[in-house]
Amino acid sequence: SANAAFTSDYVSHGISQSDGHPTLQGGVDWVHPDTGIYAGLWGAGVDFKDADVEIDVYGGISRSVGKLTWDVGALYYYYPGAELSYKYNFWEAAAAVGYNFDVMLVTLSLNYSPNSFAATGDAWYPAVNINVPLPHDFSLDAGFGRQWIEKNDIAGISDYNNWLLGVNYNIEDFTLNLKYTDTDLGKPAVCPDNCNGRAIFTVSRVF
């Protein structure tokens, strides 16, 4: 399958990756129907020093047993054209387990990198996300995560919490999403305008 999206701001773990500007996103995915093994490629526009594109390469396995779903995989974040001395590129392992309570889907996840973005060392990101289906093709999203970074002095930020609340609407083959996301970082020097709260609108489609 393939996917494409336009978003008013690309935010990851509560921090803008596109300096608060709109950007395009898109990717392709392959899934083996029997084993659940998958692989994919995804890209987005970013606004970093010496980098304006992010490309993610990932793979893993995802299976369902009744109402329980689990997923284990790995990702490589690549920023083509960026000066190698900035050490933007990094690996990350990811695991998630979800349970469908009928009235809501609850997912617990954990991401870990042994040497995260810009060589900031070990990074852990546990999170919980909730999706609540509503009538008339609407649904609600809520999430909370905690980012731990080994080398806070290099990252320029302390460990922090982030959260989001959003609403989705499916129309034809498109999904419209409006969400609000924030962190408890305030306005650190490294991201005075990109670590604070913001509303984000995204329209996406899977082909």
* Could you pull out the longest piece of the chain with no exposed loop GluC sites (Glu not before Pro) in it, calling a site exposed if DSSP puts it outside H, G, I, E, B and it has at most 11 other Cβ atoms within 10 Å? => 84-171
* **Helical mean residue ellipticity (222 nm; -39500 (n - 2.57) per DSSP H run of 4+; nearest 500) of the chain** => -500 deg cm²/dmol
* What part of the accessible area of the stretch 125-167, given as a whole %, is carbon or sulfur when the probe is 1.4 angstrom? -> 64
* **Average accessible area per residue (Å²) across the chain - probe 1.4 Å, nucleic acids and ligands excluded** => 55
* **Test item: Cα-centred dipole of the stretch 61-207, Lys/Arg +1 and Asp/Glu -1 on Cβ, debye** => 80
* Considering only ILE55, ASN100, TYR79, whose Cα is most displaced toward the positive end of the charge dipole of the stretch 1-112, charges sitting on Cβ of Lys, Arg (+1) and Asp, Glu (-1)? -> ASN100
* If you keep only loop residues by DSSP, which chymotrypsin sites (Phe, Trp or Tyr not before Pro) in the stretch 78-168 have at most 11 other Cβ atoms within 10 Å of their Cβ? -> PHE101
* Asked: Do any trypsin sites (Lys or Arg not before Pro) in the stretch 43-138 lie in a DSSP loop with no more than 11 other beta carbon atoms within 10 Å, and if so, which?
  -> LYS49, LYS67
* Determine Rg/Rh for the stretch 1-85; Rg is computed over alpha-carbon atoms and Rh is the Kirkwood hydrodynamic estimate from the same atoms. => 1.05
* Asked: Using the C-alpha gyration tensor of the stretch 101-207, what are the square roots of 5 times its eigenvalues, in whole angstrom, with the largest one first?
  -> 30, 16, 13
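The values are calculated or read from the model by the stated rules, or taken from the named source; none is laboratory data. Note that the structure is predicted; figures quoted are calculated from it, not measured. Reconstructed Cβ throughout: ideal geometry from the backbone, glycine too, with neighbour counts over all protein chains shown. Only protein heavy atoms, including side chains, enter the accessible area calculation; ligands, DNA and RNA are left aside. Shrake-Rupley method; radii C 1.70, N 1.55, O 1.52, S 1.80 Å.
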